[in-house]
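Presented below is the structure to which this report refers.
FYI, it's all coordinate maths here, none of it is from the lab. Remember, it's a predicted structure, so these values are computed and weren't measured experimentally. As a convention, Cβ positions derive from the backbone with ideal geometry for all residues, glycine included, and neighbour counts pool all protein chains shown.
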Amino acid sequence: MLITLKIGSRAGCKSVIFWLLILKMCFSFCQVELPKKIVVIDPGHGGKDTGAIGVHGVLEKEVVLKIAKEILNHNHLILDDRIEVYLTRYKDTLISLSDRAMLTRELKSDLFISLHCNAAITGASGMEIFVADKDNPHMESSVQLATSVLGESGRKLGIRERGVKVGNFQVQRETMDFCPTILIETGFVTHVDEGDYYQKPRNIKAVALAILLGIYNYLKSED
Ligand SMILES: [Zn+2]
């Protein structure tokens, strides 16, 4: 219910186009001075590991891969000289968590962003973002990045914000020493509205744009 609003309509599509134009303008003004940043987007699960299975059979592994590809596509369209995006997987294959982390280290990534969807039997909804817990040398910057992404998603799309939380995920433990790392639980595919929401390509695009805008704003604040 909460996130069918702005982008589930023609007004929503206009809103997406509006952001694109704003982003393009910002980028045009800033691109000369800004150094390129490497961002690794990690769509969770894949292959035989479907992740959560939601309403109407929607699969977490497919939702997060679609969002990741849209982030890549939008970045090519808008910010390609500012941010260089790599995915840990580009198709429906299962990559080990260690290999995802190794890729991040070898690319000398500036940011690591893992994408997942939540599941619950309680009817829970909304987006939450995890930062790595103990001994995280990039805790402060990770929280700033998470706050930026969550804020963009909440403000622009009306997604319910469940907050920035600390977690203990392997993929973050193995990347936190090298760069800020966040794990985004984009929404609950088991929730009747959100499961439905993530089956629509326009909503996938909108969430991807909100995440990209959150990344962009975070990097801008770091310059
Ligand atoms: Zn997951």
Task: Listed peptides 162-169, 181-188, 209-216 by packing density, highest first (mean Cβ within 10 Å) - done: 181-188, 209-216, 162-169
Open item on the list: At 0.36 nm per residue, and after removing the present C-alpha to C-alpha distance, how many nm does the segment from Ile53 to Val192 gain when stretched out fully?
Closed with: 48.8 nm
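When the chain is fully extended, how far beyond the present Cα-Cα distance does Asp135 get from Asn168, taking 0.36 nm per residue of separation?
On the way: separation 33, 0.36 × 33 = 11.88 nm, distance 1.10 nm.
Difference between extended and current length: 10.8 nm.
Determine the percent antiparallel among the DSSP beta bridges restricted to the range 38-222, to the nearest 5. Numbers along the way, then the final one.
On the way: 6 of 27 bridges.
Just about 20 percent of them are antiparallel.
Roughly how big is the range 70-223's charge dipole about its Cα centre, with Cβ charges of +1 (Lys, Arg) and -1 (Asp, Glu), in debye to the nearest 20? Mind showing how you got there, number by number?
On the way: 17 positive and 22 negative charges, 67 e Å.
Dipole size: approximately 320 debye.
Using a cut-off of 14 Å between beta-carbons, work out the net charge of the residues near Ile211 (Lys and Arg +1, Asp and Glu -1, Ile211 not included).
On the way: positive: Lys66, Lys69, Arg155, Lys156, Lys205; negative: Asp42, Glu70, Glu128, Glu152, Glu161, Glu185.
So the surrounding residues net to -1.
Assign one of three labels to the range 38-222, namely rounded, prolate or oblate, based on the Cα gyration tensor with a ≥ b ≥ c the square roots of its eigenvalues; rounded applies when a/c is under 1.5, prolate when it is not and a/b is larger than b/c, and oblate otherwise.
Details: a/c = 1.33, a/b = 1.27, b/c = 1.05.
Taking the square roots of the gyration eigenvalues as a ≥ b ≥ c, the range 38-222 is rounded.
Assuming 0.36 nm per residue, please report the length gained on full extension of the stretch Ile38 to Ser221 beyond their Cα-Cα distance. Please report the intermediate quantities before stating the final value.
Working: separation 183, 0.36 × 183 = 65.88 nm, distance 1.61 nm.
Answer, rounded to one decimal: 64.3 nm.
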Open item on the list: Positive end of the dipole of the range 72-135, charges at C-beta (+1 Lys, Arg; -1 Asp, Glu), about the Cα centre: which of Leu115, Asn75, Leu94 has its Cα farthest in that direction?
Closed with: Leu94
TODO: Assuming R0 = 30 Å, can you tell me the calculated FRET efficiency for the pair Thr122 and Asp99, based on Cβ-Cβ distance, to the nearest 0.05?
DONE: 0.35
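Neighbouring Cβ atoms within 10 Å as the yardstick, rank Phe178, Phe112 fewest first.
Starting with the residue having the fewest Cβ neighbours, the order is Phe178, Phe112.
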Open item on the list: Just want the ordering: Glu106, Glu194, from fewest to most Cβ atoms lying within 10 Å of their own Cβ.
Closed with: Glu106, Glu194
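List Ser98, Ser148 from most exposed to least, where exposure is judged by having the fewest other Cβ atoms within 10 Å. Please list the in-between numbers first.
Values: Ser98 11, Ser148 22.
Sorted ascending by nearby Cβ count, the order is Ser98, Ser148.
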